[in-house]
Amino acid sequence: MRKAAAELRAAVIGAGRLGTLHARKYAAIAGIKLAHVVDIDAERAAALATEVGATRLADYRMLAGKVDLVTVASPGVTHHEIASAMLKAGIDVLLEKPMAETLAQARELAGLASGCGRILQIGHLERFNPAVVHLHSIVKNPRFVECHRLAPFTERGTDVDVVLDLMVHDLDVILSVAPSEVASLEAVGVAILTDRLDLVNARIRFQSGLIANLVTSRVSPRRERKIRFFQPDAYISVDYEARGIQVYRKTPPAQGAQFPTISAEQIGFGEGDPLADEVNAFVAAVRSRSLPLVSADDGLRVMELTERIKDVMLTDSAAP
């Protein structure tokens, strides 16, 4: 008779919108005891803790020795401080994006996870979008990528700039689907409603020859989340929110015709639950002590690219 897996104790740090969603996913997983919800807002933490049957804590440092794994869903500027404390306490961490506020902080976290023998998974949710999962099987040698991630303004995420808030999603997808070193890049950004960049356009040339053009805005009148790949044999358009893919392929010309034709294919994936898949993948990595699907190294590559994008903008703004 197969022995049942030992129950793991979990906690969620941050009882905002995202932390609430994480807490509900943990509460639904067999073999997981969601033990604690942590937030400095006592009323908010108490409400969520009551909903999911957990105990409220006001200080994340009180989790040491009480849990095995934790989601850090606090504001981005606190990620380094909190995740560092959790890793040092021997707790495995699912760290929501951004990985940290700076590249130096991200490198320290990756080093801590390795040195402490802890699992550190980065919360790049689009990796678990079924359309992106399928994308890996059909993208072959892309030459151009175009991304539009536009959103109306909200106060959520404004503790960091739009590169760390939103663009990281598309950077991670590109690096996972078509990995290559960066050859050069150009970028321009504007602070509109906050004192940080709210709209950024980046054009990245990779050593593979791929060129990626990304437009990311959190002050748009409309919402759009799409990424398009152009490759020799196909044009592939992914709608992140609709979780669908349109593929246009060139077919040989019909007998007697001069030019080839284009065939279209629509691929849908239904609703799905990427966040549940992300949390379940984290739990599986914790149980097996295996490398998570979105590892600390993956997070570092994204952070290195965000740093280069911002460095280019700083250099250009300082030029006479």
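Structure notes:
- For Ala242, the conditions (1) surrounded by 12 or more Cβ atoms within 10 Å (Cβ to Cβ); (2) within 23 Å of Gly209 (Cβ to Cβ); (3) at pLDDT below 95 are fulfilled apart from (2).
- Count of residues meeting criterion [buried (at least 18 other Cβ atoms within 10 Å of the Cβ), touching a residue at least 40 places away in the same chain (Cβ under 8 Å) and either among the basic types (Lys, Arg) or within 20 Å of Ile40 (Cα to Cα) (or both)] in segment 67-85: 9
- Test: Phe259 is aromatic (Phe, Trp, Tyr) and closer than 12 Å to Ile138 by Cα: no
- Residue-level analysis places Val139 outside the set of residues that are farther than 22 Å from Glu278 by Cα, in contact with a Leu (Cβ under 8 Å, 6 or more places away or on another chain) and of a type in the set (Val, Ile, Thr).
- Qualifying residue in segment 138-145 (condition: surrounded by 24 or more Cβ atoms within 10 Å (Cβ to Cβ) and in the same structural domain as Lys310 (by TED's automatic domain parsing)): yes
- Sole exception among (1) out of contact with any Leu (no Cβ under 6 Å at 6 or more places or on another chain); (2) hydroxyl-bearing (Ser, Thr, Tyr); (3) closer than 24 Å to Arg289 by Cβ for Thr71, by number: (1)
- Residue that is on the phi < 0 side of the Ramachandran plot, of a type in the set (Val, Ile, Thr) and in contact with a Gly (Cβ under 8 Å, 6 or more places away or on another chain), where the choices are Ile309, Ile267, Ile236: Ile267
- So Tyr248, is it more than 22 Å from the chain's Cα centre (by Cα), hydroxyl-bearing (Ser, Thr, Tyr), under 25 Å from Leu125 (Cα atoms) and in a strand (DSSP E or B): no
- Count of segment 33-60 residues, restricted to those that are over 22 Å from Ala85 (Cα atoms) and either part of a strand (DSSP E or B) or of a type in the set (Val, Ile, Thr) (or both), is 2.
- Yes/no for Arg156 being in a loop (DSSP other than H, G, I, E, B) and of a type outside the set (A, V, I, L, M): yes
- Only one of Leu185, Leu166 that is modelled with pLDDT of 95 or more, closer than 30 Å to Arg17 by Cα and touching a strand residue (DSSP E or B) at 6+ places or on another chain (Cβ under 6 Å): Leu166
- Residue in segment 105-119 that is among the hydroxyl-bearing types (Ser, Thr, Tyr) and either crowded, with 24+ Cβ neighbours inside 10 Å or over 29 Å from Pro221 (Cβ atoms) (or both) present: yes
Let's see how each residue does on (1) surrounded by 13 or more Cβ atoms within 10 Å (Cβ to Cβ); (2) within 30 Å of Ile32 (Cα to Cα); (3) modelled with pLDDT under 95:
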| position | (1), (2), (3) |
| --- | --- |
| Gln207 | no, no, no |
| Ser217 | yes, no, no |
| Arg225 | yes, no, no |
| Arg228 | yes, no, no |
| Gln258 | no, no, yes |
| Ser263 | no, no, yes |
| Ala276 | yes, yes, no |
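- Residue that is surrounded by the fewest Cβ atoms within 10 Å (Cβ to Cβ), among those in segment 12-44 that are farther than 12 Å from Leu275 by Cα and within 20 Å of the chain's Cα centre (by Cα): Arg17
- Per-region count, segment 147-197, residues over 19 Å from Asp298 (Cβ atoms) and surrounded by fewer than 16 Cβ atoms within 10 Å (Cβ to Cβ): 14
- Lone qualifier among Leu95, Leu120 - being touching a His at 6+ places or on another chain (Cβ under 9 Å) and under 25 Å from Arg24 (Cβ atoms): Leu95
- Contacts under 6 angstrom Cβ, first residue in segment 239-267 being charged (D, E, K, R), partner in a strand (DSSP E or B) and surrounded by 15 or more Cβ atoms within 10 Å (Cβ to Cβ), 6 or more apart: Asp239/Lys226; Glu241/Arg225; Arg249/Ala234; Glu265/Val247
- Taking segment 268-320 as the range and being assigned to a loop (DSSP other than H, G, I, E, B) and either β-branched (Val, Ile, Thr) or under 15 Å from Glu96 (Cα atoms) (or both) as the test, the residues that pass are Pro292, Leu293, Val294, Ser295.
- Remark: Gly90 falls outside the filter, which requires a residue to be more than 18 Å from the chain's Cα centre (by Cα) and closer than 18 Å to Leu291 by Cβ.
The values are calculated or read from the model by the stated rules, or taken from the named source; none is laboratory data. Just so it is clear, the model here is predicted, and its values are computed rather than measured. Virtual Cβ from ideal backbone geometry, glycine too; neighbours counted across all protein chains shown.
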